[in-house]
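The values are calculated or read from the model by the stated rules, or taken from the named source; none is laboratory data. Just so you know, these numbers come straight off a predicted model, no measurement behind them. Here Cβ is always computed from backbone atoms with ideal geometry, including for glycine, and neighbour counts include all displayed protein chains. Only protein heavy atoms, including side chains, enter the accessible area calculation; ligands, DNA and RNA are left aside. Shrake-Rupley method; radii C 1.70, N 1.55, O 1.52, S 1.80 Å.
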Amino acid sequence: MAAERAGTGARGTLRLRVEGLTRRFPGVLALDGVGLEGRPGEVLGVVGENGAGKSTLMKILAGIDAPDGGAMELDGASWAPRTPREAADGGVALIHQELCLAENLSVAANIALGREPTRMGFVDRDAAREMAREALGTVRAAIDPDAIVEGLSAGERQLVEIAKGLAGGAKVVIFDEPTSSLTAGESEALFDVVRELRDQGVLVLYVSHRLHEITDLCDRAAVLRDGRNAAALEGSELNRSALVQAMVGRAESELVSPTAAVPRASTAPRLSARGLRTADWPAASLDIDVAPGEIVGIAGLVGAGRTELLETIFGLRAAVAGDLSLDGAPFIPDGPRAAIASGVALVPEDRKLHGLLLEESIRWNVALATLTARRRGPFVDTAAERSVVEERSSALGVRASSIEQPTGTLSGGNQQKVVIGRWLEARPRLLLLDEPTRGVDVGAREEIYRILEELCAEGLSVLFASSDLEELLRLGQRILVMHEGELTGNVARADADERLLMTLATGGDALAPTTSLEANP
Amino acid sequence: MNVRGKVLGIFGLLVAVVLFTGFMNPRFFSADNLENVVQRTSLYGILGIGAAFSIVTGGIDLSIGSVVGLSATILPMLITAGVPAPAAVLGVLLIGALLGAIHGLLITRVGLQPFVVTLCGLLVYRGIARRISGDQTLGIDDEALRSLATGSPFSIGSFDVPAPVFLLLIVGVLAALFLGRSVWGRWLLALGRNPEAAHYAGVPVDRMIVVAYVLSSLLAALGGVLFALDIGSIQPAAMGNFYELYAIAAAVLGGCSLRGGEGSILGVVLGAAVMRLLYNSIVLLGIPSQLEFAIVGGVLLLGAIADETVRKIAGKRRAAERARARSQDTTS
């Protein structure tokens, strides 16, 4: 039946049709006459910068939000779900970006959540287990329905989430940034599931910032910009540069700034780590040097120990052993305060959890790390604070109505600029960044790179971790690669390409030319 | 919903209760009655300010009433034992601060939840107070000292300004400067919003949490001293029972969010005043006093509903602003 379904996916039999969809929020038109068509057995990519309207569109399809105008049809019948429940029953499942599972419950309980099979008013556990087993089977996941979600990996949770969506008998499955928390291996497994669903005749809507996923996985892609259809690409037109051009409305070549020359100082390294062992990978001994004015990237899969390394240098985690020095002087980070005092700053990976006070203003957030530097007696010097933040915020190009605007209302790129601004205000010598542009759109990304490059030209050193190979190759003058806590590569940008980094990051033999890592006993 | 809006709201409620009660029973505006309301407000206001500090960190202090009870028990015992009054008062305040430090350390070092720590405090200090006093009623005869709570340094017309008002003023101004203007206060509010982010930004989170609980218990001890002096005869088993709930209610009514990170000292004082006014109008309007708790609870509930409603509206407006910010981003 699956093949049959896929076969009938010829022109004409539409699974989903969206026409002239509009959604207005006070003061902004989030969707402005958007159209979309999808057939059974098709993977349709939906791309666009943050704020282009993708999420709003997906939410409307899945019954979380309602449109102000336009028409939607599912299998020829009018589609207007009023609740996520109704959408799921009707066959549209949204797989959430942030996994929404009850961690304390079993896989079966999660999959059956909200539609528990009952017998005489009680949950029929056997039926729930069967329901789960069946749903897990469709995504070919070998997961025990009785396992507690807490004990599952991110990839397994993702599969459970998908199974949960499919348990309602989905005809349309929407993936919203599904790989953002997955390792490379887990992502591959997910792609297999997507293809499997497609072969079963399901229409898959695939939303992602990672353009290579769109080009590899999708049959067609709809590009949204400012709440409108910017382009529909398929076949040979569906390539990276066409996507970027449609997303930002200008050609990619205009976005890429010339890369700064590598400033090589012969002086002592800005940061030097010798025999550094982190608590998470105590067996791995790390030697790292970062020169003044140098931008060094750290590549590696999720869980390779990159975040742990950065947080150890920043003093958030205690090192097990090893010596650190800054500009030749020994440096013992026993907490963020000590690190900040020594001129080290960290822009954390999760800016909502570890970076921002979302309810508070840009002014509060930028000022937070440097309050004592500006205080007048015991008091906050509000006037000085205002002018300092005003200046910093305009230098970074933070787009906001004023510095009193709560940071929770800013876009991802502007939020990240606020966090970076906080740390630049502390005038660091060494800036650590963990995933510097996660959730930041293409345009703002390039701005952030340029800001960092300018500062490095003035002598700041940057050490950043990233899962985005494009970013590593774009920003890093030199790239370290980590695998299971060990450094497996140290590659100059000129010698690096995505394949080499991926090979080193997955623990493959370093076929790196002259650049394999120095000294690991 | 910003804090200023909440303070305005609670001020409006205060005016409404005053006008309604005064209209229904003109005796409300008599000097005697007003003096009484103001004096009580001052005492409960001091406790409320203490509660606000723990609430602002996202925590809670359930031990306030028992710290009041313990302080009010120890003070007369010290005085009876011949300790000079100023030293006795100082000693009680120090004990309060010490208890707060223990709460703070249990929360930050041992990692216990504030609710659990201070619930244990509530039980333990009550037990200690009853044991050391043998459950006997204690008296304070030092009239000079008692005037701190019962006296009146001067009058405005026929209105004798109660002495505790001045203590409340001092405590309130200091607390408002601390919370609203100082670096420490900014740190407290920041860690109440997001302790992780504050820690990553170099805020000494643990130390500030200890400070908050020290202030809470210190002010509870000060309140205990004043209540003891006010009443003059203290029953260790009953003294201060439920006062933590009055204090928390005043703080919440005054705009402190139990989620942490939000609070205004002026709001808390107004909140304490509304609580006392409600109590007063129950008496003056001849409402059966059995209904006291029910009425206070009802007003608190209505306040919370109003707050949440305004919050939702503000949240919607914010989502729209965010969407607008994003669309500006992509167009520029």
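Could you check the spin-label model distance between B:Ser152 and A:Arg133? Points 7 Å from the Cα along Cα→Cβ, value in nm.
With each label placed 7 Å out from Cα toward Cβ, I get 8.3 nm.
Based on the alpha carbons, how large is the Rg to Rh ratio for chain A when Rh follows Kirkwood?
Rounded to two decimals, Rg/Rh equals 0.99.
Counting Lys +1, Arg +1, Asp -1, Glu -1, what net charge surrounds A:Pro428 among other residues with beta carbon under 11 Å of its beta carbon?
Charge balance near A:Pro428 sits at +3.
When the accessible area of the stretch B:3-320 is split by element with a 1.4 Å probe, what percent falls to carbon and sulfur? Intermediate results must be reported in sequence, preceding the final value.
On the way: 9400 of 13640 Å².
That share works out to 69 percent.
Can you tell me which lysines have their Cα less than 26 Å from the Cα of A:Lys417? Leave out same-chain residues fewer than eight positions away.
A:Lys54, A:Lys352, B:Lys316
For labels at A:Ala80 and B:Leu177 in the simple 7 Å Cα→Cβ model, what's the distance in nm?
6.3
Check B:Asn194: other-chain or 5+ apart residues with amide H under 5 Å from its amide H, H built from backbone geometry?
none
Sort A:Arg499, B:Arg207 by accessible area with a 1.4 Å probe, largest first.
Largest to smallest exposure gives the sequence A:Arg499, B:Arg207.
In Å², and per residue, what accessible area does the stretch B:126-244 have when probed at 1.4 Å with the other protein chains present?
Using a 1.4 Å probe on heavy atoms only, each residue of the stretch B:126-244 averages 41 Å².
Between B:Leu105 and B:Asn36, 0.36 nm times their residue separation minus their Cα-Cα distance comes to what?
21.0 nm
Based on the alpha carbons, how large is the Rg to Rh ratio for the stretch A:451-497 when Rh follows Kirkwood?
0.99
Quick one: compute the contact order of chain A, relative version, from alpha carbon pairs under 8 angstrom and 6+ residues apart, as a percent.
14 percent.
What three numbers, in Å, describe the spread of the alpha carbons of the stretch B:107-195 along their principal axes, ordered from the longest?
50, 43, 16
Tell me the per residue accessible area of chain A using a 1.4 Å probe; a whole number in Å² is fine.
Working: 21260 Å² over 521 residues.
Counting only protein heavy atoms, the per-residue value for chain A is 41 Å².
Hey, could you grab the Kirkwood Rh for the stretch B:16-133? Inverse mean 1/r over distinct alpha carbon pairs, Å, one decimal.
About 16.6 Å for the stretch B:16-133.
What number does the stretch B:125-245 give for Rg over Rh if you use C-alpha atoms and the Kirkwood radius? Walk me through the intermediate numbers first.
Details: Rg = 18.9 Å, Rh = 17.2 Å.
Using Cα coordinates only, the ratio equals 1.10.
Report the local net charge at A:Val320: Lys and Arg +1, Asp and Glu -1, summed over other residues whose C-beta lies under 12 Å from its C-beta.
After counting each charged neighbour, the total is 0.
Given the C-alpha atoms of chain B, compute the convex hull and give its volume per residue in Å³.
Details: hull volume 51.5 nm³, N = 332.
It is 155 Å³ per residue.
Taking R0 as 45 Å, what FRET efficiency do you get between B:Thr309 and A:Asp126 from their Cβ-Cβ distance, rounded to the nearest 0.05? Numbers along the way, then the final one.
Numbers: r = 45 Å, r/R0 = 0.99.
Given R0 = 45 Å and the Cβ-Cβ separation, E is 0.50.
Based on alpha-carbon atoms only, what is the radius of gyration of the stretch A:101-169 relative to the globular estimate 2.2 N^0.38 Å?
Numbers: Rg = 11.0 Å, N = 69, 2.2 N^0.38 = 11.0 Å.
Taking the Cα Rg and dividing by 2.2 N^0.38 Å, one obtains 1.00.
If we count every other residue with Cβ under 10 angstrom of B:Arg259's Cβ, Lys/Arg +1 and Asp/Glu -1, where does the sum land?
Computed value for this residue: -1.
In Å², rounded to the nearest 100, what is the total accessible surface buried by chains A and B against each other with a 1.4 Å probe? Could you put the intermediate results ahead of the total?
Working: alone 23020 and 16330 Å², together 35700 Å².
Result for this pair: about 3600 Å² buried.
On a full-extension model of 0.36 nm per residue, what is the gain between A:Glu73 and A:Glu470, subtracting their alpha-carbon distance, rounded to one decimal in nm?
139.1 nm
Check the straight Cα-Cα distances from B:Lys6 and name the aspartates and glutamates below 20 Å, setting aside those fewer than 8 residues away within the same chain.
Hits, sequence-local ones excluded: A:Glu359, A:Glu360, A:Glu404, B:Glu262, B:Asp307, B:Glu308.
After finding the eigenvalues of the alpha carbon gyration tensor for the stretch A:73-210, what semi-axes result from the square roots of 5 times each, listed largest first in whole Å?
Details: eigenvalues 98, 85, 33 Å².
Taking √(5λ) for each eigenvalue gives 22, 21, 13 Å, largest first.
Mind giving me the FRET efficiency for A:Glu458 and B:Cys120? R0 is 56 Å, r the Cβ-Cβ distance, nearest 0.05 is fine. All intermediate terms of the calculation are to be shown ahead of the outcome.
Numbers: r = 55 Å, r/R0 = 0.98.
Here the calculated transfer efficiency is 0.55.
At a 1.4 Å probe radius, carbon and sulfur cover how many percent of the accessible area of the stretch A:101-169? Walk me through the numbers on the way to the answer.
Values: 1830 of 3540 Å².
Summing carbon and sulfur atoms, their accessible area is 52 percent of the total for the stretch A:101-169.
Checking understanding here: applying a Kyte-Doolittle mean of at least -0.5 and a length along the axis of at least 15 Å (C-alpha), which whole DSSP H helices in chain A pass?
Qualifying helices, which must be both long enough and hydrophobic enough, are A:154-166, A:184-199, A:442-457.
What is the helix-to-structure angle for B:64-80, meaning the angle in degrees between its Cα long axis and the longest Cα principal axis of chain B, kept from 0 to 90 and rounded to the nearest 10?
30
Taking the Cα-to-Cβ direction at A:Thr372 and at B:Leu302 and moving 7 Å from each Cα, how far apart do the two end points lie in nm?
About 4.8 nm, to one decimal.
For the stretch A:344-373, state which residues have at least 50 Å² less accessible area in the presence of all protein chains than in their chain by itself, taking the probe as 1.4 Å and leaving out ligands, DNA and RNA.
The answer is A:His354, A:Leu357, A:Glu359, A:Trp364, A:Leu368, A:Leu371 - residues whose exposure falls by at least 50 Å² when every protein chain is included.
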